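The structure under discussion appears below in the form of structure tokens.
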Amino acid sequence: MKTDKNPTINEYSEILKALGHPVRLKIVCGLVKKETCNVGTIVEKLSIPQPTVSQHLNILKNAGIVTGYRKGTQVCYKIENAEVIKIIENMDINFCGEKLI
């Protein structure tokens, strides 16, 4: 996503499509609150298999929402997109206090 100007309607559409799954929305909501998290913690907190978490993270990465980086032997993720943080914060989602990362 472009950072030098407001996102286009197509860019917002891609973001909203990626956020349109409950698991991805929980991952992003958790990352907004926690700022960074490794895959193992996401798997543990959401009680879903690691391959499923990885598939969801790949969708979020491809949409430009999260980025992964190595921290020793772990892969950690963080929100890469400031617009997504604004979206989540503006939604004032109650489930962000649920069992999230």
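Where a number appears in this text, it was derived from the coordinates with a stated rule and is not lab data. What you see is a predicted model, and the numbers here were worked out from it, not measured in a lab. Positions of Cβ are generated from backbone atoms using ideal geometry, with glycine treated the same way; all protein chains shown enter the neighbour counts.
Distances between placed amide hydrogens fall under 5 Å for Val66 paired with Lys61, Glu80, all partners being 5 or more residues away or on another chain.
Summing +1 for each Lys or Arg and -1 for each Asp or Glu, what net charge is found among the other residues whose Cβ lies under 11 Å from the Cβ of Cys76?
Details: positive: Lys34, Arg70, Lys71, Lys78; negative: Glu35.
With Lys, Arg at +1 and Asp, Glu at -1, the net is +3.
In a shell of Cβ-Cβ distance under 15 Å around Lys17, excluding Lys17 itself, what net charge do Lys and Arg (+1) and Asp and Glu (-1) give? Its environment carries a net charge of -1.
The region of the chain that goes longest without hitting one of the GluC sites (Glu not before Pro) in a DSSP loop, each with at most 12 other Cβ atoms within 10 Å, is 36-97.
Each listed q (0.17 Å⁻¹) maps to a log10 I(q)/I(0) for the stretch 9-92, found by the Debye formula over equal Cα scatterers with no solvent: -0.62. Loop-located trypsin sites (Lys or Arg not before Pro) across the stretch 1-78 with a Cβ neighbour count of 10 or fewer within 10 Å are Lys2, Lys5, with loop assigned by DSSP.
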